[in-house]
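Some notes on the structure that comes next.
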Amino acid sequence: MASVIRVLDQAVANRIAAGEVIERPASIVKELVENSIDAGARNLVVQLEDGGKRLIRVTDDGRGMSPEDLAICVLPHATSKIADVDDLFRISSFGFRGEALPSIGSIAELTILSREPGSELASRIRCSGGTIEGPVAAGGPTGTSVTVRDLFFNVPARRKFLKEARSELAQIVETLTRLFLPHPELGLKLEHEQKKGMDIREDSSRLARIRSLFGEELASRLLSADRTIGTLRIEAYFGPASLTKRTSEYQYVFLNGRFIRDKAASFAIKDGYAGQIMPKDHPVAFVFLTMPPDQFDVNVHPTKTEVRFRERDLLVVGIREMLRNGLARENGSRPIADQATRVAESPRRESRDTRGDVYAEMERELFGRVGDPPPPTAAEIARAREPESTTTRRTAHRCHSLVGSVMPEPTSHSALQIHRSYLLRESPQGLEILDQHALHERKLFDEWLARIDSATLEVQGLLHPEPVDLAPAEVALLSDRQLELERLGVTFTTLGPRTVLLQSLPRLLAKVTPSEVIEDLVVRLKEGAALGSDSLVREVAADLACRAAVKFGQVLPAAEIAALMAWRERNPGAKNCPHGRPVALHLDLRDLEQLFDRKK
Ligand SMILES: Nc1ncnc2c1ncn2[C@@H]1O[C@H](COP(=O)(O)OP(=O)(O)OP(=O)(O)O)[C@@H](O)[C@H]1O
Ligand SMILES: [Mg+2]
């Protein structure tokens, strides 16, 4: 049989490589900016059109390329950053694969204009769909300017998956944040459709850089700590327990100036706050790790955001202890014992790289604790639910005559609040016990949707609109669903890639604070990305109704109890709150009589 195996031609191979590294405009921005940083640039300009889909241009003042280098930089595996296999284990640059430029040139129109500092002229090379033209001499400043036009012009299937310009832009802003956060020495100007976006100059410190990117309000609340354990240095800026977010988007981990995603480090951050914040909340933390390049491997995935550490345990314990101690200092309590140094000095250290004790602990935490007590058996649950012992039943029988004087005379719209949480009222057949929060939540939800349907929703402008800071992707999420939110009476404007300003709310929700509304919305929009318009409206209404409803443990004035009861009487069929919890339990008169031994 004839041979069926053939070596793919270069254009196909490049396209396959591009599939791994270039997913969207933000991936191109990442590759180009990383190249500029590797070339020693200090100031970068990023220009975009149509969210980067039509044009991305990154211009730097780095060391540039000679015409000879320009001719080969678009060829696969052409790199100036490593020379042999050994170099792979001491990588200190962003790039080393020699894949980014040929990949981009295979799925877009790529033009590079570059001039070395000593050279009189610049040179230009073009690469489109894999076809190379040039280099030719051209005029241009020192440094390099890379222009990428018409992303995926020859891969319609990929182009289809690109989002609206707004969302792509948001991802680019997040990407730039991750790139520039660990490099306060670099300046950046971002322009979209000729409009100015991010504009940061060289900052004097990491904290100053956090301030430039996230604003004074957040930066001024951060605590800081740094520590060196052997060859590992950890520097962290982190929020006090009172500063939490609804998502983990405000947690950044960097290794030697590179943003990384690492489960162990995320776990360590979470664990550092254990017991200090609610489990559903997420802390704010910027963690900068520095270690010799031979202590980790970034050659795990083409995008290089995953890393394999030689000593993961040390990292986890180090981060966790630092955060815990920092929080303890803030609260004025005693610091915890130093476990990190112990791990660092442990003789078993070398063998801990992949599955050490701390890693096992992390897995238990993530996937269920081995040492937890077993769940109660059915018999135990039944015993716990047994209403009363025989003796208490007898006592209750004797006390019968007192009940009439303790219970207030029920009127049609009143109820007795007990434990600041439940409302008791007489019903025609017995006694109704209502959950005040669930009942109010259901009332708000029904009223809100009825007003939307009948176009009688009253919207109230906020007297003091308050800006709320978010991640750029979150701002984009909100903007994408603006129409649905307007139907609900929630309107806002965007003040920048990271800030929104809530402008109005339905009158029914007047008591909710703007940041709570926005945070609830973001969480819901993330979870409900696939929801159709009507379902999304219902889900958001349910969340905000829950937020606005009276809380468990809240004392209710008589007028509020009366309003709830009046609604209850008009809506006896409302069984559950919009999240499914029962609104009321009913104790039938006949059951009561049986419980009191009045009926055989
Ligand atoms: N802005 C720039 N200034 C100077 N030289 C550059 C610039 N961009 C790219 N180069 C040169 O072109 C080469 C190829 O770049 P490319 O991004 O394709 O590969 P890399 O950065 O070496 O590795 P990786 O694929 O991991 O990014 C680089 O090694 C570098 O020598
Ligand atoms: Mg590169």
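Bear in mind these aren't lab numbers, they're just calculated from the coordinates by the rules spelled out. The shown structure was predicted, so the numbers you read here are calculated from the model rather than taken from an experiment. In this analysis, Cβ positions are derived from the backbone assuming ideal geometry, glycine residues included, and neighbour counts consider all displayed protein chains.
Of all residues in region 145-178, those being among the aliphatic types (A, V, I, L, M), assigned to a helix (DSSP H, G or I) and over 16 Å from LYS30 (Cα atoms) number 2. Only residues in region 103-114 that are closer than 15 Å to LEU70 by Cα count as the first member; pair them with residues that are more than 8 Å from ligand 1 (Cβ to nearest atom) and of a type in the set (D, E, K, R), Cβ under 6 angstrom, at least 6 apart or cross-chain, and list the lot. As it stands, the answer is THR111/ARG126; LEU113/ARG124, since those pairs meet every condition given.
From the list VAL253, VAL300, the lone residue that is within 30 Å of SER27 (Cβ to Cβ) and crowded, with 23+ Cβ neighbours inside 10 Å is VAL253.
Among the strands (runs of 3 or more DSSP E) confined to region 1-119, the ones with at least 2 residues that are under 29 Å from GLN171 (Cα atoms), within 13 Å of ligand 1 (Cβ to nearest atom) and in contact with a Lys or Arg (Cβ under 8 Å, 6 or more places away or on another chain) are located at 43-49, 109-115.
For region 459-552, give me every one of the strands (runs of 3 or more DSSP E) that falls completely inside it and has 2 or more residues that are out of contact with any Ser or Thr (no Cβ under 8 Å at 6 or more places or on another chain) and surrounded by fewer than 20 Cβ atoms within 10 Å (Cβ to Cβ).
Values: elements: 459-461, 467-469, 491-496, 499-506.
Here the list reads 491-496.
When VAL136, VAL58 are checked against the criterion of being over 31 Å from the mean Cα position of the chain (by Cα) and among the hydrophobic types (A, V, I, L, M, F, W, C), VAL136 stands alone in meeting it.
Looking at GLU569, GLU527, GLU516, which is the one that is touching a Lys or Arg at 6+ places or on another chain (Cβ under 9 Å) and more than 21 Å from HIS419 (Cα to Cα)?
Numbers: GLU569 fails: touching a Lys or Arg at 6+ places or on another chain (Cβ under 9 Å); GLU527 fails: touching a Lys or Arg at 6+ places or on another chain (Cβ under 9 Å).
Sole residue among the options that is touching a Lys or Arg at 6+ places or on another chain (Cβ under 9 Å) and more than 21 Å from HIS419 (Cα to Cα): GLU516.
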